[in-house]
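Input: a single structure, listed below in structure tokens.
The values are calculated or read from the model by the stated rules, or taken from the named source; none is laboratory data. The model shown is predicted, which means the values in this text are computed figures rather than measured ones. Positions of Cβ are backbone-derived with ideal geometry, glycine not excepted, and every protein chain shown enters the neighbour counts.
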Amino acid sequence: MGEDVLIIIGSKSDEEHAKKCAKVLEENKVKYKLEVASAHREPQKVEELVKNSSAKVFIAMAGLSAALPGVVASKTKKPVIGVPLNVKLEGLDALLSSMQMPSGVPVATVGIDNGKNAAHLAIRILSLCK
């Protein structure tokens, strides 16, 4: 059986944030998978990951323009949690990119660098599926 949560990070340098998220999922015995795929450099890879995933919830972590959460949300009807990362501008650019999505493309956004809360939110969403 596949993962319940797919964590997608925009680059390998975001891995430290993903590890914090993964730790919470592991502690709560939630199956997850971690993938690296850039919305800007590898849009086809992002689309394939989302399309082929058995995950019930997606967590997308990105900094700078932070298009990744929105791109993931545009490819699925499943819940997407955006984690804006502090790369520049104290993470405000990424926060606004994740929050200001057009109607019909929702992204639940947690605080800057707060992968732990993304995991907790994913766990709560998954609890509705039981």
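With respect to residue 61, determine if the residue is of a type in the set (A, V, I, L, M, F, W, C) and touching an Asp or Glu at 6+ places or on another chain (Cβ under 6 Å). Lay out the reasoning, then the answer.
Numbers: of a type in the set (A, V, I, L, M, F, W, C): yes; touching an Asp or Glu at 6+ places or on another chain (Cβ under 6 Å): yes.
Here the answer is yes, as residue 61 does meet what is asked.
Where the second residue is among the polar types (S, T, N, Q) and assigned to a loop (DSSP other than H, G, I, E, B) and the first is over 14 Å from residue 56 (Cα atoms) and lies in segment 101-130, which pairs have Cβ atoms under 7 Å and are six or more apart or on separate chains?
Filtered contacts from segment 101-130: 112/86; 113/86.
Give segment 6-19 a look and list any residue that's in a helix (DSSP H, G or I) and within 13 Å of the chain's Cα centre (by Cα), or say none. Break it down into steps so the answer makes sense when it comes.
Narrowing segment 6-19 to residues in a helix (DSSP H, G or I): 12-19.
Of everything in segment 6-19, those that are in a helix (DSSP H, G or I) and within 13 Å of the chain's Cα centre (by Cα) turn out to be 14, 15, 17, 18, 19.
Regarding residue 66, is this residue under 20 Å from residue 12 (Cα atoms), in contact with a Ser or Thr (Cβ under 8 Å, 6 or more places away or on another chain), at pLDDT below 90 and not polar (S, T, N, Q)?
On the way: under 20 Å from residue 12 (Cα atoms): yes; in contact with a Ser or Thr (Cβ under 8 Å, 6 or more places away or on another chain): yes; at pLDDT below 90: yes; not polar (S, T, N, Q): yes.
So residue 66 fits the description; yes.
How many residues are closer than 21 Å to residue 46 by Cα and among the basic types (Lys, Arg) if we restrict to segment 75-117?
Total meeting the criteria: 3.
Being touching a residue at least 60 places away in the same chain (Cβ under 8 Å), in contact with a helix residue (DSSP H, G or I) (Cβ under 7 Å, 6 or more places away or on another chain) and assigned to a loop (DSSP other than H, G, I, E, B) is the requirement here; does residue 30 meet it?
On the way: touching a residue at least 60 places away in the same chain (Cβ under 8 Å): yes; in contact with a helix residue (DSSP H, G or I) (Cβ under 7 Å, 6 or more places away or on another chain): yes; assigned to a loop (DSSP other than H, G, I, E, B): yes.
Criteria met by residue 30.
Search segment 85-98 for residues that are on the phi < 0 side of the Ramachandran plot and part of a loop (DSSP other than H, G, I, E, B) and pair each with any residue that is loosely packed, with under 14 Cβ neighbours inside 10 Å and among the hydrophobic types (A, V, I, L, M, F, W, C) when their beta-carbon atoms are under 9 Å apart and the residues are at least 6 apart or on different chains.
86/92
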